[in-house]
Each structure stands twice: as structure tokens, then as C-alpha cells.
Amino acid sequence: SPQSIGLAERVNSTLINMLRACINDPAIPSTRKKWTMLFKKVVEVYNTSIHSVTKFTPRSALLGIGVSLDVSYRQEILTNTKKRQEYNNKRLNEPRSENKYSPGDKVLVFNASGPNRKKLEPLYIGPVRIVRQLSEHMYEVDLPARSSQQNVRCLRPYFDPDGTERRC
């Protein structure tokens, strides 16, 4: 059914994001960054992690492993899922406000290399500096070796790991 295909796509997207995080993690030695070497571990981590919606691991939700069978854990999963759906519907129907940036702010720019971007490359490039605001929705940013015009929807605020301001 179309719903199950969407669910499989969602799981695949999550696994790809987990692989991307591992491959782009500077703490992992480069000799161990091949996705074929990481995939089995990533799937194991996913299957044994508590899901934010169901409050159960996928393994326990599907197979009943590690849950008390005298409790209707499947009903609890369904209740948790319905609560999350209501929350998402409420959040998605709220009006959105776009970020505003000033010259000198540090931002991350969506890596929109089109069909040339590999699936496991970082989603964002940066941090880069805002040069100036061109219009309500457009900014000029200082990308390496060139200046570029970017829509505000392709920008994300950058926060230094030490918590300092995002200005250059």
C-alpha cells in the first residue's frame, strides 16, 4: 500500500541521515568511513534505540522483545503515535516565521549541488558569513571562492560549539 511505501522511505531517510553523520564525523577514523562497513552497525543502533514517537525500540515494537507481555504495549504504541500526530498537526498548521539575518552573521547554506551531490555528503556547507540582505527573502553569502545569492529557506543559523555568538 502507498502508506507502507512512505513508511519504508521514512526509515531509509533516517538510516541515510545516520550514515551521513557517521561518515562526516571527524572523530571516526577515515579507514572506517565506508558506508558498507558502517551500515550493519547503524541498523543495529536504529533497531535498539527508543523511538521518540512510540517510546519503544523498533525491535520491541515489532517482536515484543524486552517488553512485559501482560501490558498491552501495542495499545500504548498506538496511543503515543496518535498523540504525536495531533501535536504535529497543530505545529504544522501554525504560521511560520522566517529567520532574519544581519551582515556578519554566520549561517549554514543548503548543499544544493543538484544531481552531483552524493547522498552521504553533508546537507549544509559552512559556516559562511552573511554579506548583505538583498530583499526580504534573499541574502548574499560569502561562499568559498565566490559570493552567492541564497533564499532564506536555504539558510540555517550557525551556533559555534562553544556557545559564542554567531557573528564573524
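The values are calculated or read from the model by the stated rules, or taken from the named source; none is laboratory data. No experiment lies behind these values; they were computed from the predicted model shown. Cβ coordinates were reconstructed from backbone atoms using ideal geometry, including for glycine residues, and neighbour counts include every protein chain displayed. Keep in mind that these areas ignore ligands, DNA and RNA; they rest on the heavy atoms of the full protein, side chains included. Shrake-Rupley method; radii C 1.70, N 1.55, O 1.52, S 1.80 Å.
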* Out of the residues in the range 80-107 that are of a type in the set (Asp, Glu) and assigned to a loop (DSSP other than H, G, I, E, B), which is farthest from Glu140 (Cα to Cα)? -> Glu94
* Structure fact -> Per the list (1) modelled with pLDDT of 85 or more; (2) open to solvent by less than 90 Å² (accessible area, probe 1.4 Å); (3) of a type in the set (Asp, Glu), residue check on Asp25 breaks on (1)
* Taking into account only those residues within the range 11-22 that are over 17 Å from Tyr124 (Cβ atoms) and within 12 Å of the chain's Cα centre (by Cα), which is surrounded by the fewest Cβ atoms within 10 Å (Cβ to Cβ)? -> Thr14
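A quick yes/no check of all residues on (1) exposed (fewer than 13 other Cβ atoms within 10 Å of the Cβ); (2) modelled with pLDDT under 85; (3) assigned to a loop (DSSP other than H, G, I, E, B); (4) basic (Lys, Arg):
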{"site": "Leu38", "(1), (2), (3), (4)": "no, no, no, no"}
{"site": "Glu44", "(1), (2), (3), (4)": "yes, no, no, no"}
{"site": "Ile50", "(1), (2), (3), (4)": "yes, no, yes, no"}
{"site": "Thr54", "(1), (2), (3), (4)": "no, no, yes, no"}
{"site": "Ile65", "(1), (2), (3), (4)": "yes, yes, yes, no"}
{"site": "Ser68", "(1), (2), (3), (4)": "yes, yes, yes, no"}
{"site": "Leu78", "(1), (2), (3), (4)": "yes, no, no, no"}
* Asked: Can you tell me which residue in the range 117-168 is most open to solvent (accessible area, probe 1.4 Å), limited to those that are hydrophobic (A, V, I, L, M, F, W, C), at pLDDT 80 or above and in a loop (DSSP other than H, G, I, E, B)?
  -> Phe159
